[in-house]
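Down below is the structure, laid out as structure tokens.
The values are calculated or read from the model by the stated rules, or taken from the named source; none is laboratory data. What you are looking at is a predicted structure, and each value in this text was computed from that prediction instead of being measured. So basically every Cβ, Gly included, is an ideal-geometry build from the backbone, and we count neighbours across all protein chains shown.
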Amino acid sequence: MQIVLCNKYFFLNGGVEKYLYDIINDLPLRGHQAIPFSVRYARTWPSVYQDYFLASPGNPEQAHWGNIRFSPGNIVRFLDRSAYSFEAKIKLNRLLKAVQGADIAYVLNIYNYMSPSILHTFKHHRIPVVMQIGDYNLLCPSYSLLRDGKPCTLCVQGRYYHGLRYRCVKHGLTASAVRVAAMYLHRLLGIHELVDAFTVPCEFMKTKLVEGGFSEEKIHLLRYPVQSSVEMDKAWNKKNYIVFFGRISYEKGIDTLISAFQRIEPPMDLYIIGRSYDGEEERLKGLIEPDVQDRIHFLGFQSGETLSKWIAEAMFSVVPSRWYDNAPLSVYESFQHGTPVIASRIGGIPEQVKEGVNGLLFEPDSCDDLEQKMIWLIANKDQRMQMGTAGHEYVKTALGIKDHMDSLINLFESVIAQDKRR
């Protein structure tokens with residue numbers, strides 16, 4: 001099969017791109033051709049298809065909204081990419097002609113930087129589409145189902161005007177208006193009805209999509225894969241620290257972790273690893289009390305062996321999300337390294353973290369509950385080791401890339417067969 005893979009970033013930005021990277025490397029081993037379609041940035045991975053990629057909305061060095069310096073030209077481009085991009089259609093059309101078509105498209109994260117206009121291009125070329133849903137972009141103007149720091153579902157059933165009413169996008173009127181208008185336009189065009197199948201990483205996400213009016217028959221559960229396992233003798237070289245790794249942004253609830261950590265009496269360290277968004281790292285640093293400043297460390301974005309080492313040697317990791325986090329890869333990557341997890345009881349996380357088996361759950365935003373769970377896990381080494389072992393065995397037996405790719409290819413073949421029958 002020739003498979004077009006669409007994602008707005010074609011470099012390691014987060015969990016979606018790690019997933020994309022694994023897919024692109026696995027497909028050729030199975031005799032399939034992976035054809036990426038993305039946006040060109042300074043860090044974009046080399047590809048023979050990159051001449052067909054979209055130009056970046058702003059400066060190629062500025063890949064994230066909070067870092068972009070807006071000019072009249074790129075404001076127009078952002079409006080185009082947010083609503084319905086003819087530029088994206090033209091570029092994709094050229095790519096499809098160059099490769100003489102494709103058998104199927106797998107669409108990941110395209111919103112605001114590529115636009116769903118490309119779905120019309122795929123249908124014009126009679127190419128079926130599978131879309132992976134990693135956040136709530138089809139249901140919520142701000143993607144997170146979060147308002148004023150609390151879960152919010154006002155827009156789930158199509159009442160997107162609430163996003164404008166509460167200025168949910170970047171806390172701004174203009175950004176909210178553009179996003180809400182784009183969602184109503186997409187609904188008017190029925191653009192997501194062009195998608196033949198959706199994949200979701202957890203049952204919670206499926207439930208929300210069905211609540212939002214999407215056909216349950218089109219939605220398929222495919223949990224994120226873990227590419228490889230770490231040898232347990234390496235994973236058990238634990239040191240005296242706790243780790244958070246992932247996106248440093250408000251919805252991740254890192255302020256709750258910092259507040260709870262500052263109450264813990266035994267001297268240990270907290271390492272926070274990830275790329276900061278919207279000035280969140282500076283806000284968090286302002287919450288740190290003077291007497292613990294030398295024990296809370298921000299390491300920035302890490303990857304590869306360096307990140308693996310930080311995860312593997314941690315006593316445990318913490319995933320303190322306050323939004324309906326669907327299935328954070330940081331949970332699975334912790335298990336992969338034999339590291340148990342303390343996480344919020346919210347969204348799809350309880351499908352990953354089994355209380356007392358591979359980690360512990362606490363109530364979102366509850367410093368008291370998180371503090372007590374951390375104190376207990378610090379004090380019980382044997383239970384930590386048992387939980388780490390259980391997590392490691394789970395990803396090793398249930399989340400292999402081979403099984404995931406087998407299921408994904410089977411879905412592709414099924415969708416192609418249904419499309420031919422139609």
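Of note:
- Residues in the stretch 371-406 that are small (Gly, Ala, Ser) and surrounded by 15 or more Cβ atoms within 10 Å (Cβ to Cβ) were compared, and the one that is nearest to residue 129 (Cα to Cα) is 400.
- Note on the stretch 83-116: residues that are charged (D, E, K, R), surrounded by fewer than 19 Cβ atoms within 10 Å (Cβ to Cβ) and at pLDDT 95 or above total 4.
- Condition broken by residue 278, with the remaining ones in (1) at pLDDT 95 or above; (2) under 19 Å from residue 250 (Cβ atoms) satisfied: (1)
- Condition met for residue 170 (basic (Lys, Arg) and either under 30 Å from residue 392 (Cα atoms) or touching a Pro at 6+ places or on another chain (Cβ under 6 Å) (or both)): no
- Count of the stretch 359-374 residues, restricted to those that are of a type in the set (A, V, I, L, M) and in contact with a Phe, Trp or Tyr (Cβ under 6 Å, 6 or more places away or on another chain), is 1.
- Candidate set: the stretch 166-223, residues that are free of Cβ contacts under 8 Å to residues at least 12 places away in the same chain and of a type in the set (Val, Ile, Thr); chosen: the one nearest to residue 326 (Cα to Cα): 207
- Here 211, 216, 193 are screened, and the one residue that is touching a helix residue (DSSP H, G or I) at 6+ places or on another chain (Cβ under 8 Å) and either assigned by TED's automatic domain parsing to the domain that holds residue 80 or modelled with pLDDT of 95 or more (or both) is 216.
- Against the list (1) outside any helix (DSSP H, G or I); (2) crowded, with 18+ Cβ neighbours inside 10 Å; (3) out of contact with any strand residue (DSSP E or B) (no Cβ under 6 Å at 6 or more places or on another chain), the condition residue 158 fails is (2).
Residues are listed down the side, and each one gets a yes or a no for (1) of a type in the set (Lys, Arg); (2) in contact with a strand residue (DSSP E or B) (Cβ under 7 Å, 6 or more places away or on another chain); (3) in a loop (DSSP other than H, G, I, E, B); (4) in contact (Cβ under 8 Å) with a residue 12 or more places away in the chain:
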site: 263; (1), (2), (3), (4): yes, no, yes, yes
site: 266; (1), (2), (3), (4): no, no, yes, yes
site: 278; (1), (2), (3), (4): no, no, yes, yes
site: 339; (1), (2), (3), (4): no, yes, yes, yes
site: 342; (1), (2), (3), (4): no, yes, no, yes
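- Answer residue from the stretch 9-43, given it is of a type in the set (Val, Ile, Thr) and over 19 Å from residue 227 (Cα atoms) and is modelled with the highest pLDDT among those: 35
- Residue among 334, 407, 317 that is in the same structural domain as residue 209 (by TED's automatic domain parsing) and either outside any loop (DSSP other than H, G, I, E, B) or in contact (Cβ under 8 Å) with a residue 60 or more places away in the chain (or both): 407
- The lone criterion from (1) touching a residue at least 60 places away in the same chain (Cβ under 8 Å); (2) surrounded by 12 or more Cβ atoms within 10 Å (Cβ to Cβ) left unmet by residue 301 is number (1).
- Whichever residue in the stretch 177-193 is closer than 22 Å to residue 128 by Cα and charged (D, E, K, R) and, among such residues, is surrounded by the most Cβ atoms within 10 Å (Cβ to Cβ): 187
- Residue match in the stretch 306-318 (condition: hydroxyl-bearing (Ser, Thr, Tyr) and within 20 Å of residue 136 (Cβ to Cβ)): no
- Looking across the stretch 110-127, the residues that are in a loop (DSSP other than H, G, I, E, B) and more than 15 Å from residue 80 (Cβ to Cβ) come down to 125, 126, 127.
- Taken together, 282, 251 contain a single residue that is among the charged types (D, E, K, R), out of contact with any Gly (no Cβ under 6 Å at 6 or more places or on another chain), part of a helix (DSSP H, G or I) and within 16 Å of residue 364 (Cβ to Cβ), which is 251.
- Residue in the stretch 373-391 that is in a helix (DSSP H, G or I), under 30 Å from residue 30 (Cβ atoms), outside the structural domain of residue 30 (by TED's automatic domain parsing) and in contact (Cβ under 8 Å) with a residue 12 or more places away in the chain present: yes
- Enumeration of residues in the stretch 262-320 that are in contact with a Leu (Cβ under 6 Å, 6 or more places away or on another chain) and among the β-branched types (Val, Ile, Thr): 273, 296, 318
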